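Here is the structure we will look at, set down as structure tokens.
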Amino acid sequence: MKNSRLSSLIVLITVFFFWGFVAASNGILIPLFKEDFHLTQFQSQLVDLCFYAAYFIGSLLYFIITIAWEDPLNQIGYKKGLVIGLLISALGAIGFVPAANAHSYPLLLASLFVIGLGFALQQIVANPYVIALGNRSTGSHRLSLAGGINSFGTTIGPVLLSYALFGQISSSFTPHAEIEAVKMPSIILCCMFVVFALILSFSKLPPITSHEKTERTPGALKYPQLTLGMLAIFFYVGVEVTIQSNLGALLKLPEIKGISTSQISTFISLYWGSLMIGRWRGSVTVFNLPSKARNIIMAIIPLVAFGVICAVNYLRKTDISEYEFYIPFVLMAIVMFFLGQEKPARTLILFSCISAVLMILGLVTSGNLALFSFISGGLYCSIMWPCIFSLAIAGLGKYTTQGSSLLIMMILGGALIPPLQGLIVDNYGAHISYVVPVFCFAYLAFYGWRVRSIFKAQGMDADAIVFE
């Protein structure tokens with residue numbers, strides 16, 4: 001990759017860090033809000049619902065605009081779209097200050113919703129932008145690199161916010177914090193958004209736009225790789241979120257671990273860290289390394305990422321002694337990464353199938369084998385997003401941003417599938433509820449298989465996709 005392209009990519013993927021930082025930090029806000037506002041568990045979960053619903057509503061509004069008028073990003077360019085998205089998120093972040101002063105839970109949710117709206121616009125722009133920065137056939141690799149930065153944000157976000165709110169980074173929430181404690185972190189986050197918007201404004205990112213006139217119709221929907229890809233994003237985000245969202249209920253079962261709430265975060269952290277393992281490994285392909293050196297690094301990077309997870313949790317003063325049982329799962333994932341051969345459709349099929357098998361293994365076993373089988377879903381989810389996204393927008397041409405908005409809209413799966421599994425937990429038990437991820441992974445495997453024949457009919461190669 002040329003130096004100018006590499007520097008542009010570095011500037012761009014920093015945005016992905018913000019998404020991960022804020023999304024994972026919601027897990028710190030939920031118990032804080034629940035205690036301070038005396039909420040039920042359902043009411044506290046409105047934090048996640050508002051955040052992920054903002055992606056859907058923001059993307060839907062963008063899609064409607066492209067139909068009613070014109071695709072605005074094709075007019076103003078991707079870079080300006082990113083700047084506007086960052087400023088919208090800055091507005092939401094600073095909204096935490098008056099909301100905390102008023103001690104208003106609805107206003108805090110509204111501020112989080114506005115942050116999510118800004119993220120929706122950033123996602124619509126940033127994903128195809130990353131794909132466009134470099135060789136068109138390796139766009140999914142660059143998305144893996146961006147995803148690795150995103151996962152780093154999910155790893156350190158809760159640690160930093162916990163320190164800002166409680167004055168320490170322990171995983172326990174025993175220390176009490178008043179709701180006013182969110183004001184300073186939100187001011188800092190707002191300043192970060194504004195500063196980075198200014199940096200982007202003066203950066204030398206290439207002015208990517210489409211000069212083709214977009215028809216005022218939902219033209220992107222005529223592409224089956226997109227319509228089926230929308231469902232794939234829905235189920236992917238849904239399964240990624242639901243595995244960890246219901247992990248707390250699973251861990252309390254005597255046949256799994258039988259542990260208390262204060263001990264659960266150790267395993268939830270491992271799950272989110274698993275996403276980082278795969279994304280860091282996938283990011284290696286971005287760099288032009290000799291074949292032998294690249295293969296060696298690809299084998300080592302997952303172990304390094306696992307070490308980072310252990311280190312972060314050690315600093316949080318959590319018990320990581322049982323992490324040793326997860327090492328075989330990490331080693332197995334390394335083998336699967338090599339078998340995927342960096343090909344989006346092949347990787348998606350392989351990873352979805354092995355994930356479904358591991359979920360079934362978790363359903364029919366107990367103890368650590370069941371627990372780590374479920375957690376390992378994060379290892380394979382880790383690089384599904386770039387595979388799905390690259391396949392779904394391939395060949396869309398002037399409808400690329402319209403298609404991107406539709407895909408971002410389907411992040412709604414993260415808001416709907418976890419409550420669906422939660423209903424099964426309430427009625428049938430937490431263990432059997434993990435049948436939901438099995439069906440999600442089954443559809444993802446189907447999409448990887450189906451898109452091959454779709455591209456063949458369009459004269460394209462699913463393993464050498466072209467971003468136009």
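The values are calculated or read from the model by the stated rules, or taken from the named source; none is laboratory data. In this text the structure is predicted, and so the values were computed from the model without any measurement. Cβ atoms come from the backbone with ideal geometry, glycine included; neighbour counts cover every protein chain shown.
Here are a few things to note about the model shown:
- Applying the condition of being polar (S, T, N, Q) and in a helix (DSSP H, G or I) to segment 39-79 and asking which residue is farthest from the chain's Cα centre (by Cα) yields Gln75.
- The listed residues are Phe338, Phe306, and the only one of them that is modelled with pLDDT of 80 or more and closer than 16 Å to Gly153 by Cα turns out to be Phe306.
- Residue within segment 436-443 that is closer than 20 Å to Ala394 by Cα, at pLDDT 85 or above and not charged (D, E, K, R) present: yes
- All conditions but one from (1) at pLDDT below 90; (2) surrounded by 23 or more Cβ atoms within 10 Å (Cβ to Cβ); (3) hydrophobic (A, V, I, L, M, F, W, C) apply to Ala132; the one that does not is (2).
- Failed item, numbered, when Gly153 is tested on (1) at pLDDT 70 or above; (2) over 27 Å from Arg281 (Cα atoms); (3) of a type in the set (Gly, Ala, Ser): (2)
- Selection status of Glu212, part of a helix (DSSP H, G or I), surrounded by fewer than 24 Cβ atoms within 10 Å (Cβ to Cβ), among the charged types (D, E, K, R) and at pLDDT below 85: no
- Test: residue in segment 34-45 that is at pLDDT 70 or above and surrounded by 22 or more Cβ atoms within 10 Å (Cβ to Cβ): no
- Candidate set: segment 383-415, residues that are closer than 20 Å to Met359 by Cα and of a type outside the set (Gly, Ala, Ser); chosen: the one surrounded by the fewest Cβ atoms within 10 Å (Cβ to Cβ): Trp385
- Comparison of Arg281, Arg346 shows that the only residue that is crowded, with 17+ Cβ neighbours inside 10 Å, assigned to a helix (DSSP H, G or I), under 20 Å from the mean Cα position of the chain (by Cα) and charged (D, E, K, R) is Arg281.
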